[in-house]
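**Student:** My structure is below; once you've seen it, I'll send some questions.
The values are calculated or read from the model by the stated rules, or taken from the named source; none is laboratory data. Because the structure is predicted, anything quoted here is derived from the model rather than measured. No Cβ is skipped: glycine too gets one built from the backbone with ideal geometry, and neighbour counts run over all protein chains shown.
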Amino acid sequence: MSFVTRFAPSPTGPLHLGHAYSALLAHDMARAAGGQFLLRFEDTDLERSKPEYIAQIIDDLTWLGITWDAPPLMQSEHFNAYNQSVEALISMGLTYPCRCSRKDITAALAAPQEGVPHAIYPQTCKNRSMSERGPTDALRLHMDRAMDALAGKELAFTELGDLRKGVHVIDRDEIIQSVGDIVIGRKDIHTAAYFLASALDDIAQGITHVVRGIDLFEFTQVQVLLLHLLGHKPPLYHHHKLIRDEHGKRLAKRDDARAISLYRDQGASPQDIRLIVGI
Ligand code: GLU
């Protein structure tokens, strides 16, 4: 069986221990399977993504002994592809324009690891039609209609990681209630939402196994749903443990104190990082 996996950081901060664990795990799995390890920069947030973070992440990964088998995919170069899928969802009648505040929209657009809580959209704009779409409106997925469109289909994905191992069937009511009407795109800034871009690129890069943190488990369901809507077969998933700080909190980009570059400055070796994260 082929094995192609990836590490997909958002270059909005330095690489920290949690990222190092994720990257090392995916990389080790690919090498053990004789498969491929790919890199993808999820730089759709044009304001917060910085070239210096990309350079630092590449430098840190290389220092850790990680190699990738193709040039990194830059999401900021693929807005056309994401927009085509957004258009497909529009033509299926599964979207509505949303003019709720920038703050709401930012929370829904941002990668979940950034510590932005995932707020369930209160459906204020749900009855607006696409003909009312304003130039700065966000586009939301009408989750009820999306689930109706998939009625009768086996909506499941396979999880290989020990934490939730097994086949997970996506439950219509649960996803409507716990995930809600996610933002899938914005017209003004040509920014595809995290969910869509990331799911599409797993297909574009031929990923067979998505290895990533358990904090993304809920989002995996949404991505599997989007892939089904767009006629793609989802990959297999392996959600891993999170690296936590001494208070049990998961690390986020703001935890610069755990940045790999600081460990490097203090003389740690790549093997020391492996020991710290337990891999
Ligand atoms: N881009 C996400 C991050 O900030 C990871 C996405 C994924 O693994 O699918 O780390």
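**Student:** For the stretch 65-75, state whether one or more residues are crowded, with 21+ Cβ neighbours inside 10 Å, assigned to a helix (DSSP H, G or I) and within 13 Å of the ligand (Cβ to nearest atom).
**Tutor:** Checking the stretch 65-75: at least one residue is crowded, with 21+ Cβ neighbours inside 10 Å, assigned to a helix (DSSP H, G or I) and within 13 Å of the ligand (Cβ to nearest atom).
**Student:** I've got another one for you. Answer with yes or no whether Ala33 is more than 13 Å from Ile260 (Cα to Cα), hydrophobic (A, V, I, L, M, F, W, C) and near the ligand (Cβ under 10 Å from one of its atoms). Lay out the reasoning, then the answer.
**Tutor:** Details: more than 13 Å from Ile260 (Cα to Cα): yes; hydrophobic (A, V, I, L, M, F, W, C): yes; near the ligand (Cβ under 10 Å from one of its atoms): no.
No; evaluated as a whole, the condition is false for this residue.
**Student:** Scanning the stretch 40-70 for residues that are under 17 Å from Tyr82 (Cβ atoms) and of a type outside the set (S, T, N, Q), which turns out farthest from the chain's Cα centre (by Cα)?
**Tutor:** Initially, the stretch 40-70 is screened for residues under 17 Å from Tyr82 (Cβ atoms), giving 40-46, 49.
Subset that is of a type outside the set (S, T, N, Q): 40-43, 45-46.
Values: Arg40: 11, Phe41: 11, Glu42: 8, Asp43: 11, Asp45: 13, Leu46: 16 Å.
The residue in question is Leu46.
**Student:** Kindly indicate the residue of the stretch 1-11 that is modelled with pLDDT of 95 or more and either of a type in the set (Asp, Glu) or more than 9 Å from the ligand (Cβ to nearest atom) (or both) and also surrounded by the most Cβ atoms within 10 Å (Cβ to Cβ) among those meeting that condition.
**Tutor:** Thr5
**Student:** Report, by residue number, each residue of the stretch 200-250 that is part of a helix (DSSP H, G or I) and among the β-branched types (Val, Ile, Thr).
**Tutor:** Answer for the stretch 200-250, where residues must be part of a helix (DSSP H, G or I) and among the β-branched types (Val, Ile, Thr): Ile203, Ile214, Thr220, Val222, Val224.
**Student:** Condition check: assigned to a helix (DSSP H, G or I) and either within 12 Å of the ligand (Cβ to nearest atom) or within 30 Å of Asp245 (Cβ to Cβ) (or both). Does Glu52 satisfy that? Give the steps one after another, and end with the answer.
**Tutor:** Working: assigned to a helix (DSSP H, G or I): yes; either within 12 Å of the ligand (Cβ to nearest atom) or within 30 Å of Asp245 (Cβ to Cβ) (or both): yes.
So Glu52 fits the description; yes.
**Student:** If we scan the stretch 12-23, do we find a residue that is surrounded by fewer than 22 Cβ atoms within 10 Å (Cβ to Cβ), over 16 Å from Arg244 (Cα atoms) and hydrophobic (A, V, I, L, M, F, W, C)? Walk me through it before giving the result.
**Tutor:** Here is the first cut: in the stretch 12-23, the ones surrounded by fewer than 22 Cβ atoms within 10 Å (Cβ to Cβ) are 12, 14, 17.
Next cut, over 16 Å from Arg244 (Cα atoms) only: 12, 14.
Then keep just the ones that are hydrophobic (A, V, I, L, M, F, W, C); that gives none.
No, every residue in the stretch 12-23 fails to be surrounded by fewer than 22 Cβ atoms within 10 Å (Cβ to Cβ), over 16 Å from Arg244 (Cα atoms) and hydrophobic (A, V, I, L, M, F, W, C).
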